[in-house]
Amino acid sequence: MKRVLLLGGGHAHVHVLQQLAQQPMAGVQVTLVTPFERQMYSGMVPGLVAGHYTAQDCVIPLRPLALAAGVAFVQGSAMHLDTAARRVGLDDGSLQGYDLLSLDTGAVMHRGRLPGAAEHALFVRPIEDFVQQLDALWARTAQRRLNLVLVGAGAAGVELALALQHRLARAGPGVQVTLVTGGPVPLAGYPPPVLSRVQRALARHGVAVVRQGAVAIEADAIVLADGSRLDCDAAVLATGAQAPGWLADSGLALDAQGFILTTATLQSCSHPEVFAVGDVATRSDTPHAKSGVYAVRAGPPLALNLRQAIAGLPLQPHAAPTRTLNLVSCGDRSAIAAWGPWAAQGRWVWWLKDRIDRGFVARYVAAADFSHTVDPTPKADP
């Protein structure tokens with residue numbers, strides 16, 4: 001019996017699970033390994049922080065979805081990948097073997113890179129952990145007004161800064177949210193119409209922008225690159241994603257940042273029995289930004305190519321989109337849309353984003369409702 005190991009419960013893998021629920025692969029044992037029983041959909045987290053959603057609104061239930069697909073569910077995290085033996089070592093010491101391996105684990109944030117961050121900061125990754133810490137943050141804001149600092153100049157940093165400002169401003173005056181960008185303007189790399197709208201949104205909502213780097217985080221301050229200190233009651237890190245450290249000695253071909261290099265068929269450039277999508281991977285032929293949009297688009301071709309590989313049939317190349325629709329929420333129920341050089345803003349953009357996000361989650365929640373009566377969870381390899 002062929003063994004397919006799905007490592008990670010990311011955007012592409014939930015599509016694979018949905019496809020398996022609709023059309024199982026006969027004679028194939030499929031196992032999902034993921035550290036959490038649910039996926040907290042990243043596109044809706046700023047809305048959750050702003051108070052527009054409950055946590056349940058943003059959840060894709062992975063265990064029921066796996067059960068509906070006839071896929072074994074193993075809760076755990078990868079610690080080691082032995083491509084020669086085709087085995088993955090998990091954090092509980094167990095091993096999971098495979099004939100085909102698909103990675104959709106997402107990127108990570110290394111907590112030791114910024115001095116003091118591990119002790120004093122909230123990290124947006126893993127998203128599940130970040131969401132679990134929000135209640136404690138809200139409890140602190142109920143006691144007194146806080147100075148909050150977001151470190152990160154990308155879409156996550158901008159959206160969360162605006163979401164926090166919106167949420168905390170409703171509690172009363174005196175709240176200050178500051179975005180520390182590390183040098184560039186927020187959303188650097190986006191076209192000028194988007195940049196100008198983002199800058200106006202930050203100013204309109206009262207989010208201060210500091211274009212310096214953070215070099216250390218203390219209990220009550222952020223230390224900036226020029227040596228000055230920025231008062232800070234709570235720091236949130238939304239900096240760039242890093243590759244999981246356990247990939248370094250896996251034997252897989254990696255890019256300069258340690259992410260898995262893949263081909264147009266979503267296979268590893270060095271190991272064709274390994275597939276990788278989402279933030280953990282880099283396309284060698286057409287590199288693109290690490291964004292959930294690309295992971296979502298990779299779901300259908302990944303599901304197809306896993307079936308083709310099992311059947312010994314030719315794989316299909318996946319043409320990653322050259323232009324994507326990016327929707328940046330602004331804390332209140334408005335958002336900015338970016339499509340190439342075109343930009344628009346308003347409540348109708350929020351309505352569009354809300355409709356897309358809710359529809360994405362609802363699709364997989366519905367698929368999870370069709371479950372088998374027998375849990376196929378396997379035992380670990382000896």
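The values are calculated or read from the model by the stated rules, or taken from the named source; none is laboratory data. Note that the coordinates shown come from a computational prediction; the quantities given were computed from them, not determined experimentally. Positions of Cβ are generated from backbone atoms using ideal geometry, with glycine treated the same way; all protein chains shown enter the neighbour counts. Note: accessible area is taken over every heavy atom of the protein model, side chains too, but ligands, DNA and RNA are not part of it. Shrake-Rupley method; radii C 1.70, N 1.55, O 1.52, S 1.80 Å.
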Cα-based helix-to-principal-axis angle, 192-205 vs the chain, degrees rounded to 10: 60 degrees
Assigned charges on the beta-carbon of Lys, Arg, Asp, Glu; the chain dipole about Cα centre (debye): 1100 debye
Surface share of carbon and sulfur [accessible, 1.4 angstrom probe, percent] for the chain: 54 percent
Mean Cβ neighbour count within 10 Å, used as a protection proxy, ranking 316-327, 99-110 highest first: 99-110, 316-327
Rg to Rh quotient for the chain, alpha carbon positions, Kirkwood Rh: 0.97
For q = 0.23 Å⁻¹, Debye-computed log10 I/I(0) when each Cα of segment 268-336 counts as one equal scatterer: -1.08
Built amide H within the under 5 Å cut-off of residue 79, gap 5+: 89, 90, 91
Coarse-grained scattering of segment 125-203 at q = 0.12, 0.16, 0.24, 0.28 Å⁻¹, given as base-10 log I(q)/I(0) from a Debye sum over alpha-carbon atoms: -0.38, -0.65, -1.17, -1.36
Space enclosed by the convex hull of the alpha-carbon atoms of segment 5-121, per residue, Å³: 130 Å³
Helix 155-169 axis, angle to the chain major axis (alpha carbon atoms, nearest 10°): 50 degrees
Using θ = phi - 60° and Karplus 6.51 cos²θ - 1.76 cosθ + 1.60, couplings along segment 21-35 (whole Hz; Gly, Pro as x): 5, 7, 8, x, 9, 5, x, 10, 9, 10, 10, 9, 10, 8, x
Rg/Rh for segment 196-328, where both radii come from Cα atoms and Rh is the Kirkwood radius: 1.11
Options 261, 313, 192, ranked by Cα towards positive dipole end of the chain, top entry (Cβ charges): 192
Helix 134-143 vs. the chain, principal-axis angle (Cα, 0 to 90°, nearest 10): 20 degrees
Calculated [θ] (222 nm, deg cm²/dmol) that DSSP helices of n ≥ 4 give over the chain, each run adding -39,500 (n - 2.57): -9500 deg cm²/dmol
Packing-based order for 286-295, 134-143, using average beta carbon neighbours within 10 Å, highest first: 286-295, 134-143
Packing-based ranking, highest mean first, of 35-44, 202-211 given that Cβ atoms within 10 Å are counted: 35-44, 202-211
Among 95, 65, 17, residue whose mean-square fluctuation peaks in a GNM of the chain (springs only between Cα atoms under 10 Å): 95
